[in-house]
1. For residues in region 64-85 being more than 14 Å from Gly51 (Cα to Cα) and at pLDDT 90 or above, which is farthest from the chain's Cα centre (by Cα)?
2. Could you check, for region 53-69, whether at least one of its residues is open to solvent by less than 60 Å² (accessible area, probe 1.4 Å) and among the acidic types (Asp, Glu)?
3. Is it the case that some residue within region 101-113 is in contact with a His (Cβ under 8 Å, 6 or more places away or on another chain) and modelled with pLDDT of 85 or more?
4. Considering each residue of region 41-60, count those that are under 27 Å from Gly23 (Cβ atoms) and in contact with a helix residue (DSSP H, G or I) (Cβ under 9 Å, 6 or more places away or on another chain), and give that number.
5. For region 81-102, give me each residue that is under 23 Å from Val17 (Cα atoms), open to solvent by less than 30 Å² (accessible area, probe 1.4 Å) and not in a helix (DSSP H, G or I).
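The values are calculated or read from the model by the stated rules, or taken from the named source; none is laboratory data. This one's a predicted model, so the numbers in the text were calculated from it and none came from an experiment. Counting neighbours? That spans all protein chains shown, and the Cβs are built from the backbone with ideal geometry, glycine included. Note: areas computed on protein heavy atoms with side chains; ligands, DNA, RNA excluded. Shrake-Rupley method; radii C 1.70, N 1.55, O 1.52, S 1.80 Å.
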Amino acid sequence: MPGLRAVLAPSSVDVIVWSDDVGNATAQLGTIASDLRPFDPDAIGAEVQAGDVVVAMMSPDVQLVMATIAVNKAAHFICPGARTPAIDALHARALLAQVSVVTEVGVSPGIDHLLARNLVNRYLNSPAADPRNDLSLTSYAGVLPAQPGPFRAGLGTEAQRMLRVLTQPA
């Protein structure tokens, strides 16, 4: 939720957050996202319009459902999940609808880089900005390293899924 909060805070775009736990989403997002609804694929399908961007941060089976809804409605789709044959099967329909289906936009190298760009932009537009400063980013795939050094980052609770993704085509 902190990432969603950071992305939404400066936004003037209408955003609907569909969550399986609306109470938690409300507590986490406060007034930044004023339209929070219970997750319901049928309701989402009725709401999505051509040109919308659907971002699904859910399990792979639900991501496929959301991708299908998006492409059928001529909306763009983004998810952190790996590219799969089922997602690939949507490619021709996405081309006809002139929409993008973007997978593997996970914590790293996706959301952490987006949030880093957000922080850099906020810094560059602040009174503290100094062109002599060197800005850099070290990504630890969403977790801090257990021990400093090369490839010693701790793995999250989905370590096996992350490692399986490495065997999939990108």
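1. So the first thing to find is which residues in region 64-85 are more than 14 Å from Gly51 (Cα to Cα), and the list is 64-66, 68, 79-85.
Now drop any that are not at pLDDT 90 or above, which leaves 64-66, 68, 85.
On the way: Leu64: 15, Val65: 16, Met66: 13, Thr68: 17, Pro85: 20 Å.
Checking each candidate, the answer is Pro85.
2. No, that holds for no residue.
3. Going through region 101-113, the residues in contact with a His (Cβ under 8 Å, 6 or more places away or on another chain) turn out to be 101-102.
Then keep just the ones that are modelled with pLDDT of 85 or more; that gives 101-102.
Yes, region 101-113 contains at least one residue that is in contact with a His (Cβ under 8 Å, 6 or more places away or on another chain) and modelled with pLDDT of 85 or more.
4. Taking region 41-60 as the starting set, the residues that turn out to be under 27 Å from Gly23 (Cβ atoms) are 41-48, 52-60.
Restricting the remaining residues to those that are in contact with a helix residue (DSSP H, G or I) (Cβ under 9 Å, 6 or more places away or on another chain) gives 41, 44-45, 48, 52-58, 60.
Residues flagged as under 27 Å from Gly23 (Cβ atoms) and in contact with a helix residue (DSSP H, G or I) (Cβ under 9 Å, 6 or more places away or on another chain) within region 41-60 amount to 12.
5. If we filter region 81-102 for residues that are under 23 Å from Val17 (Cα atoms), which is where we start, we get 81-82, 87, 99-102.
Checking which are open to solvent by less than 30 Å² (accessible area, probe 1.4 Å) leaves us with 81-82, 87, 99.
Passing the criteria: Gly81, Ala82, Val99.
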